[in-house]
1. Relative contact order of the chain, please, whole-number percent, based on alpha carbon pairs below 8 angstrom and at least 6 residues apart.
2. How much length is gained on full extension from A23 to H56, taking 0.36 nm per residue of separation minus their Cα-Cα distance?
3. Which order, highest average first, do 43-53, 16-26 follow once you tally other Cβ atoms within 10 Å for each residue and take the mean per peptide?
4. Using a 1.4 Å probe on the protein chains only, how many percent of the accessible area of the chain belongs to carbon and sulfur?
5. Label segment 1-48 by shape, choosing from rounded, prolate and oblate, from the square roots a ≥ b ≥ c of the eigenvalues of the Cα gyration tensor; if a/c is under 1.5 it is rounded, and otherwise prolate applies when a/b is larger than b/c, oblate when it is not.
6. Just the number please: accessible area per residue for the chain, 1.4 Å probe, all protein chains included, in Å².
Amino acid sequence: MNSKKSGKIIAKLRGKRTQKEIAKALKISPSAIQMYEAGNRVPRDEIKLKIAKYFHKKVTDIFYV
């Protein structure tokens, strides 16, 4: 898994929505979203599932490309 590539995918999926909006919807901190997008942190499996579900994608399409 390439965390930098996954981070770019998350940022692209987020589009014009703010990190704060996404964080609130996922019930995680905005700093966590920022770190995921920067590729500095990899989300736990349950958070990966939440992110994929929120964006209507498969986990593999975001995190295992």
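1. 46 percent
2. Additional length available on full extension: 10.3 nm.
3. Top of the packing list down: 43-53, 16-26.
4. About 54 percent, which is the carbon plus sulfur part of the accessible surface.
5. Judged from the Cα gyration tensor, segment 1-48 comes out oblate (a/c at least 1.5, b/c at or above a/b).
6. Per residue, the chain has 67 Å² of solvent-accessible surface.
The values are calculated or read from the model by the stated rules, or taken from the named source; none is laboratory data. What you see is a predicted model, and the numbers here were worked out from it, not measured in a lab. Here the Cβ is made from the backbone with ideal geometry for all residues, glycine too, and neighbour counts use every protein chain on show. These accessible areas exclude ligands, DNA and RNA; they are computed on the full protein's heavy atoms, side chains included. Shrake-Rupley method; radii C 1.70, N 1.55, O 1.52, S 1.80 Å.
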